[in-house]
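Let me begin by presenting the structure, written as structure tokens, before commenting on it.
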Amino acid sequence: MVACGLLAGCYFYEPLRTTEPQVGTRVAAELTGYGSDTLARYVGPSVTSVRGYVVSAENTNVVLSVTSVTDRYGQEQSWRGERVRVPRLAIQDFQQRRFSLGRTLLLGAALLGGSVAAWDIFKGGLRGGSVPGPGGGGVVK
């Protein structure tokens, strides 16, 4: 369980550190109103954010291998890497997905602590551990 949590890690999105998104970078493209309207027939109505990997970045378009889209109601829909050409005029902001070592270590410590606590609680009760005797005195086995 702890290993699964650490393998998943913790990620966050931050503003793109470069002016140009690099091929292979995982990004979130926040769309303008124009972008939402223009891309509706490709990504669905009312989509405000498109997440995925940069396949190519041209002067007027960015091609993304889409992993998910989010609409104005906060509903996220997973995609399987379909490619979508997004006009630069449709993009309000680019954010880059980053790994957070601190958050991942904190998650790992919490999972490990929870696992140890659960083990301590259940190791005696489930395996016939000691039970206090009547009157709180000795231990009956």
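General observations
- Criterion (polar (S, T, N, Q), surrounded by 11 or more Cβ atoms within 10 Å (Cβ to Cβ), at pLDDT 65 or above and assigned to a helix (DSSP H, G or I)) met by exactly one of T38, T48: T38
- Any chance V54 is surrounded by 18 or more Cβ atoms within 10 Å (Cβ to Cβ) and assigned to a strand (DSSP E or B): yes
- Selection from segment 69-101 of residues that are under 19 Å from the mean Cα position of the chain (by Cα), surrounded by 14 or more Cβ atoms within 10 Å (Cβ to Cβ) and at pLDDT 95 or above: V69, T70, D71, W79
- Sole exception among (1) under 12 Å from D93 (Cα atoms); (2) modelled with pLDDT of 90 or more; (3) part of a loop (DSSP other than H, G, I, E, B) for T19, by number: (2)
- Tally of residues being in contact with an Asp or Glu (Cβ under 7 Å, 6 or more places away or on another chain) and free of Cβ contacts under 8 Å to residues at least 12 places away in the same chain across segment 21-76: 0
The values are calculated or read from the model by the stated rules, or taken from the named source; none is laboratory data. Bear in mind that the values here come from a model prediction, so they are computed numbers and not experimental data. FYI the Cβ positions are ideal-geometry reconstructions off the backbone, even for glycines, and counts take in every protein chain you see.
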